[in-house]
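Worksheet for the structure shown next.
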Amino acid sequence: MNDALAAWRPGAEPYYHPAGDECERFEAAWSQRLPVLLKGPSGCGKTRFVEHMAWRLGKPLVTVACNEDTTAGDLVGRWLLDAAGMRWQDGPLTLAARHGAICYLDEIVEARADTAVVIHPLTDTRRALPLERHGELVRAHADFSLVVSYNPGGSRGLRASTRQRFCGFEFDYPSCEAEAEILMREAGIEVELASALVALGARSRRLVGHGLEEGASTRMLVRTAQLVRAGLTPAAACRMGLVAPLTDDAPLRDALLAAVDASF
């Protein structure tokens, strides 16, 4: 029998450094199939956390990276025309609900407004997904669970009527020690370099609200460390992995470059 979720089953364990008891709290929510909301800045580890928990629970993970073009139809499915005629194709949310996977809607606030209406019946005691275009009501599989995330510091927020349907987790950047350990584990660099990159990232975050919309994320620091691992000097890697992506403003760029020069 074909496994509809074969492509979504985790392989090797995704590395995740716990900040506290969030893994145990997620397991408690999953045991009751409660919908989960993750809030935190971009690149702080929300997606990696969900990937790790799917692996830890041994469940397939269907992920949707939401953007301004994501519609309810993209999530639930649509009719397609092929050589055999019209056929219905389940969207990722329907696939997860029908067959029993964790469905992760990353940055849900970026999607169009109609997506929130679609997920509401899956977040309460109904645990159902109406497919109006298909004339079907999908009852969620016993193993189905819904996880969404967003950045509360972004330009768009999540409506209270949607937010209150979820159990919430608040994420932030790791502590300096944990972030250095993540860089060493993910990029294979030494502790001295990892600590210097983490300190530089912390300096950039102090500029938020003073010209920068966001500081350097843990994800950006990992990529910068990987550039060093690939042979670039730390200064060159920082210019490429941190300074250029963070700002187009010339004075801010110069300030960040000065911080890079002072660090390396």
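The values are calculated or read from the model by the stated rules, or taken from the named source; none is laboratory data. Worth saying up front: this structure is predicted, and the values here are computed from it rather than measured. Neighbour counts are summed over all protein chains in view; Cβ atoms, including those assigned to glycine, are modelled from backbone coordinates with ideal geometry.
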Given the criteria touching a Ser or Thr at 6+ places or on another chain (Cβ under 9 Å) and loosely packed, with under 13 Cβ neighbours inside 10 Å, does ASP124 qualify?
no
Select, from ALA194, ALA259, the only residue that is out of contact with any Gly (no Cβ under 7 Å at 6 or more places or on another chain), at pLDDT 95 or above and over 30 Å from LEU105 (Cβ atoms).
ALA194
Can you say whether VAL222 is within 20 Å of LYS46 (Cβ to Cβ) and outside the structural domain of PRO152 (by TED's automatic domain parsing), as far as the supplied structure shows?
yes
Consider THR63 carefully, then state whether it is of a type in the set (Ser, Thr, Tyr), outside the structural domain of ILE182 (by TED's automatic domain parsing) and under 12 Å from the mean Cα position of the chain (by Cα).
yes
Considering only residues that are crowded, with 20+ Cβ neighbours inside 10 Å and aromatic (Phe, Trp, Tyr), which ones fall in segment 167-203?
TYR173
Residue list for segment 104-121, restricted to those being aliphatic (A, V, I, L, M) and either buried (at least 17 other Cβ atoms within 10 Å of the Cβ) or in contact with a Ser or Thr (Cβ under 7 Å, 6 or more places away or on another chain) (or both)
LEU105, ILE108, VAL109, ALA111, ALA116, VAL118, ILE119
Which of the residues spanning segment 142-179 are closer than 18 Å to ARG223 by Cα and in contact with a Leu (Cβ under 8 Å, 6 or more places away or on another chain)?
GLU179
